[in-house]
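Chemist: Input: one structure, supplied below.
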Amino acid sequence: MKAVQAIRYGDPSVLEVVELPDPTPGPGEIAIDVTHAAVGLIDLFFREGRFKDQPGMPQPPFVPGLEVTGTVRALGEGVTGFTVGERVVSMSNGGTGGYASVFIGRAALAVSLEGYDIDPALAVSVVPNAAMAHVALTRVAQLAEGESVLIHGALGGFSAAFPGMAKQLGAGRVVGTVRASKLQAAAATKLPYDEIIDSAELAAVGEELFDVVIDPVGGELRDRRLDVMRSGGRLIASGNASGDWGHSVETSRLWFKSVAVMGFNAGAYLPTHPDTVKPALEAAVQVVAAGLGRTEVDVLPFSQAVTAHERMTSRSLNGRIALTPAEPT
Ligand SMILES: NC(=O)c1ccc[n+]([C@@H]2O[C@H](COP(=O)([O-])OP(=O)(O)OC[C@H]3O[C@@H](n4cnc5c(N)ncnc54)[C@H](OP(=O)(O)O)[C@@H]3O)[C@@H](O)[C@H]2O)c1
């Protein structure tokens, strides 16, 4: 199979297209002929070796990529509910293996796209993240009907999956924040935000307070974000796109404001709560099918994986990038 490997830790130039043996699925797994693999910020963190000393983290050479879409190529022992040739999307299977023409994933983490007319690049860009949004909103934040939601980094890959899922779950107002440089893109987005504001001007929401805050951006602003929470509010710390790894939140402020900061990391949560996965994936497909996940997606061939990672770093995108093994003719 064709794959993109990180041959060592480092900058995007460590990514190389290679030929590897075709893998076969083990018990409970499916093999997928990949048409598109999503590129996420976590792929860059792994490539940089940011978590290299933590147990279970990828060691070079490894194939980055968490999420893929394509058609079922083969079923491992004991797998039922899928047929060869069926169009599917698969969530993360431990954090690697996505940038390959054949992906081995756990059948329990895949969902069928049969019966839906969903663009595969959009499907891989939104379905897995929308499934995580479903778990974060229902199980962690315990979103109630009519509650308001504030989403930071509104156009980012992970965040973009939240407004549609929040609306589908019955949220009231859903507001996003972006940096000033993305306000124009925010004005053009088809994502179902009621409003998107400059994150530097959070006060622009006036007296409005939010019940749930989704924060994959982190950094020193996380502490200030508590100011826009209603008492009883829940802030979900779900990433660190800001790259500021040293920030902290004053626990006394949680007490005074009577709010909670909760972490959500799908890689830690889903294996211990496997019952959440199937309903989340099914809800995620519904969100995308209903047109509630229309984020921008740029598709690049595997041979431009370096460019894909450089664009993620330089932030010259307004949505997601998907890689495809198909090279332009
Ligand atoms: N909890 C989970 O299970 C889970 C799942 C997926 C991802 N994540 C995490 O979520 C984070 C985002 O990942 P992603 O793949 O969505 O990345 P992404 O597509 O690159 O999006 C990052 C977003 O953060 C914004 N941002 C970056 N630095 C910022 C700053 N200093 N101030 C304000 N906004 C800033 C970006 O805005 P600009 O476009 O203006 O740069 C963009 O909207 C990562 O930490 C990732 O590990 C967590």
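Chemist: Using the Cα atoms of the range 74-210 to build a convex hull, what is its mean projected area in square nanometres? Intermediate values should be presented prior to the final figure.
Modeler: Working: hull surface 41.5 nm².
Its average projected convex-hull area is 10.4 nm².
Chemist: Farthest toward the dipole's positive end in the range 220-287, which of Phe264, Thr276, Leu221, given Cβ charges of +1 (Lys, Arg) and -1 (Asp, Glu) about the Cα centre?
Modeler: It is Leu221.
Chemist: What is the percent of Cα-Cα separations in the chain that go past 38 Å?
Modeler: 12
Chemist: Which of the listed residues, Ser125, Val17, Gly94, is farthest toward the dipole's positive end in the range 14-130, when Lys, Arg count +1 and Asp, Glu count -1 at the beta-carbon?
Modeler: Result: Gly94.
Chemist: Additional query: Could you work out what % of the accessible surface of the range 128-267 is carbon and sulfur, using a 1.4 angstrom probe and leaving DNA, RNA and ligands out of the count? Write out the running numbers ahead of the final one.
Modeler: Numbers: 2920 of 5810 Å².
Carbon-and-sulfur percentage of accessible area, whole number: 50.
Chemist: Residues of the range 232-248 with amide nitrogen under 13 Å from the 7 Å Cα-to-Cβ point of Asn265?
Modeler: Within reach of a label on Asn265, which here means backbone N under 13 Å from a point 7 Å along Cα→Cβ, the range 232-248 contributes 237-240.
Chemist: So, one more: Which GluC sites (Glu not before Pro) in the range 218-320 sit in a loop by DSSP (not H, G, I, E or B) and have at most 12 other Cβ atoms within 10 Å of their own Cβ?
Modeler: Glu220, Glu250
Chemist: Given an 8 Å cut-off on Cα distances and at least 6 residues of separation, report the relative contact order of the range 196-246 as a percent.
Modeler: Values: 61 pairs, mean separation 21.3, N = 51.
The value is 42 percent.
Chemist: Hey, another quick one. Looking at the P(r) of the range 62-122, how many percent of alpha-carbon pairs lie beyond 16 Å?
Modeler: Percentage above 16 Å: 40.
Chemist: Say R0 is 56 Å: what FRET efficiency, to the nearest 0.05, do Glu201 and Thr24 get from their beta-carbon distance?
Modeler: With a Förster radius of 56 Å, E is 0.55.
Chemist: What is the distance, in nm, between label points placed 7 Å from the Cα along the Cα-to-Cβ direction at Ser231 and at His273?
Modeler: With each label placed 7 Å out from Cα toward Cβ, I get 2.7 nm.
Chemist: To continue, here is another question. Find how many whole Å separate the alpha carbon centroid of the range 1-47 from the alpha carbon centroid of the range 281-298.
Modeler: The distance from the Cα centre of the range 281-298 to that of the range 1-47 comes to 24 Å.
Chemist: Quick one: accessible area per residue over the range 1-63, 1.4 Å probe, rounded to a whole number of Å²?
Modeler: 47
Chemist: Just how large is the dipole of the range 128-267 about the Cα centre, in debye to the nearest 20, putting +1 at every Lys and Arg Cβ and -1 at every Asp and Glu Cβ?
Modeler: Charge dipole, the range 128-267, about its Cα centre: 300 debye, nearest 20.
Chemist: A further question follows. In square angstrom, what is the accessible area per residue of the range 92-203 with a 1.4 angstrom probe?
Modeler: Values: 3870 Å² over 112 residues.
Ligands and nucleic acids excluded, the figure is 35 Å² per residue.
Chemist: How big, on average over all directions, is the shadow cast by the Cα convex hull of the range 128-267, in nm²?
Modeler: The Cα convex hull of the range 128-267, projected and averaged over all directions, gives 7.8 nm².
Chemist: Also, I was wondering about something else. Say a site is exposed when it is one of the chymotrypsin sites (Phe, Trp or Tyr not before Pro), sits in a DSSP loop, and has at most 14 other Cβ atoms within 10 Å; what is then the longest site-free stretch of the chain?
Modeler: 117-244
Chemist: Please give the calculated 222 nm ellipticity per residue for the chain, where each DSSP H segment of at least 4 residues contributes -39500 (n - 2.57) and the sum is spread over every residue; nearest 500 deg cm²/dmol?
Modeler: Value at 222 nm, helices only: -6500 deg cm²/dmol.
Chemist: Here is a further query. Thinking of the range 129-204 as a set of Cα atoms, what percent of all their pairs are more than 19 Å apart?
Modeler: The share of Cα pairs beyond 19 Å in the range 129-204 comes to 30 percent.
Chemist: Could I ask something else about it? Once you put a point 7 Å from the Cα of Gln54 and another 7 Å from the Cα of Glu77, both along the Cβ direction, what distance in nm separates them?
Modeler: Output for this residue pair reads 3.3 nm.
The values are calculated or read from the model by the stated rules, or taken from the named source; none is laboratory data. Note that the structure is predicted; figures quoted are calculated from it, not measured. Note that each Cβ is placed from the backbone with ideal geometry, even for glycine, and that neighbours are counted across all protein chains shown. Ligands, DNA and RNA are stripped out before the accessible areas are found, and what is left, the full protein with its side chains, is counted by its heavy atoms. Shrake-Rupley method; radii C 1.70, N 1.55, O 1.52, S 1.80 Å.
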